[in-house]
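Note sheet for the following structure.
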Amino acid sequence: MTLIGHDDAWTQWREAMAGPRMHHAWLLAGKRGLGKARFAQAAARELVAQEGRNQSEGPHPDIITLTNLPKDDKEEKKREEGKPYETKRNISVAQIRAMQQRLNTRPTLGSRRVIIIDPADDLEKSASNALLKSLEEPPVGTFFMLVAHRPARLLPTIRSRCRVSRFAPLSDSQIGDLLDREAQDVDAATRDAAVAAAGGSPGTALDFVQRDLGPLNSLMREIAQSGDTNFVLRGRLASAMGTRPDRERILAALDLARAVLAGEITDADKSRIPAIVDAHAELVTLSAQAPTYNFDAGLLVMEIGSLLAKAANPREAA
C-alpha cells in the first residue's frame with residue numbers, strides 16, 4: 001500500500017535528522033490503520049543508512065522490531081509457513097530484556113540502531129517498566145520508535161521521554177482514491193461503505209474490503225436504525241461474524257460498530273443522540289479491553305448488537 005498522509009511526519013523526522021541533536025525516542029500516535037508502522041520502518045532505514053556503507057535490502061540488522069509473537073507453537077509454525085497466524089495479546093518483558101541484551105553490542109552496519117515497538121499499547125506492565133530504563137539511559141546511537149494507537153495506555157513517564165509525532169486521519173476523498181487504486185474489483189456500494197466505515201483510516205478501509213465486512217456493516221446499520229426487539233438481527237450478526245472469529249476480525253467489528261454509530265449521529269433526531277453517545281462510549285471501552293481481555297467471541301458480538309439496538313431504542317436493555 002502506498003504511504004499517504006505522512007507529509008508532516010516526514011517533515012518533522014527529516015528536520016530532526018538534519019539538526020544538531022536527534023531526539024532519542026519518538027512516539028508515533030494515531031488511530032489504527034494510518035500506516036504508522038510502515039512509516040517507522042521507512043524512517044528507521046533513513047536513520048541507520050550511512051554514506052559509504054552498504055545497507056541490507058531485506059530485514060536490516062540494525063532495526064529491531066518488537067511486536068506480538070505467535071500465540072503458541074502451532075501459530076509459530078503457521079508464521080514460518082507464511083500463513084496468517086494468531087498472536088499473543090501482549091509484548092512481554094522477556095522480549096524487552098532480550099532487546100536490551102542486544103544493546104550491549106555495537107550496531108552491525110553503522111553507528112546507529114533503531115528499536116521499533118509496534119504497538120507499544122500492548123506492552124505488559126513489567127515490559128513498560130523495563131523499557132523505561134532504556135529510555136532513561138539510551139546507549140549512544142540507539143533510537144526508539146513507539147507505535148501507539150492509544151497513547152493514553154502508555155505510562156506517563158514513557159510518554160514524557162518521547163517526542164510525539166501525530167498521524168491525522170485522511171479525508172473521505174483520499175480514502176476513496178486509495179480504494180480505487182488498491183481495490184479496483186470492489187463494487188461501488190462496497191467502496192462507499194468502506195469509505196464511511198474507515199473513519200479516515202486507510203488500513204481500516206482496506207480491511208473492510210479484504211475481510212468482506214459489507215454484510216456486517218449492513219446488519220449493524222439496520223440494528224442501529226430500527227432496533228432488534230426479537231433478537232433476530234443479532235443472531236444474523238453473530239452468524240455473519242463466524243463461529244470462531246480471530247482477534248483481528250473482532251477488533252475490525254468493534255471499529256465498524258463505532259463508525260456506524262458515529263454516522264448515525266448526523267441524521268438522528270435529538271431524542272436519540274444521548275443513547276447513541278452512550279452506546280458509542282461503551283463500544284470505545286470494549287475496544288480498549290478487547291486486545292487484552294479474554295472475551296467469549298459470541299457473547300461479545302451479541303453485546304455489540306445490543307449496544308447498537310440500544311442506540312436505536314433507548315428503552316431496549318443491552
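The values are calculated or read from the model by the stated rules, or taken from the named source; none is laboratory data. None of these values were measured; they are calculated from a predicted model. Cβ coordinates were reconstructed from backbone atoms using ideal geometry, including for glycine residues, and neighbour counts include every protein chain displayed. Please note that ligands, DNA and RNA were not included when accessible areas were found on the heavy atoms of the full protein model with its side chains. Shrake-Rupley method; radii C 1.70, N 1.55, O 1.52, S 1.80 Å.
Observations on the structure shown:
- Scanning region 2-12 finds no residues that are aliphatic (A, V, I, L, M), out of contact with any Cys (no Cβ under 7 Å at 6 or more places or on another chain), open to solvent by 40 Å² or more (accessible area, probe 1.4 Å) and free of Cβ contacts under 8 Å to residues at least 12 places away in the same chain.
- Looking across region 70-93 at every residue that is part of a helix (DSSP H, G or I) and in contact (Cβ under 8 Å) with a residue 12 or more places away in the chain, the one that is nearest to K125 (Cα to Cα) is identified as V93.
- Set side by side, the residues A152, A120, A148 differ, and just one is modelled with pLDDT under 95 and closer than 30 Å to F208 by Cβ, which is A152.
- Pair list, Cβ under 9 Å, 6 or more apart: region 102-116 residue touching a residue at least 60 places away in the same chain (Cβ under 8 Å) and part of a loop (DSSP other than H, G, I, E, B), other residue among the polar types (S, T, N, Q) and open to solvent by less than 10 Å² (accessible area, probe 1.4 Å): R112/T142
- Among (1) open to solvent by less than 20 Å² (accessible area, probe 1.4 Å); (2) under 28 Å from R14 (Cβ atoms), the one test that G227 misses: (2)
- Residue in region 207-220 that is farther than 24 Å from V260 by Cβ, exposed (fewer than 14 other Cβ atoms within 10 Å of the Cβ) and of a type in the set (D, E) present: no
- Those residues of region 89-117 which are under 14 Å from the mean Cα position of the chain (by Cα) and modelled with pLDDT under 95, in sequence order: R89, N90
- Scope region 242-295; condition among the β-branched types (V, I, T) and open to solvent by less than 40 Å² (accessible area, probe 1.4 Å); matching residues: I250, V260, I276
- T157 being out of contact with any His (no Cβ under 7 Å at 6 or more places or on another chain), crowded, with 21+ Cβ neighbours inside 10 Å and among the β-branched types (V, I, T): no
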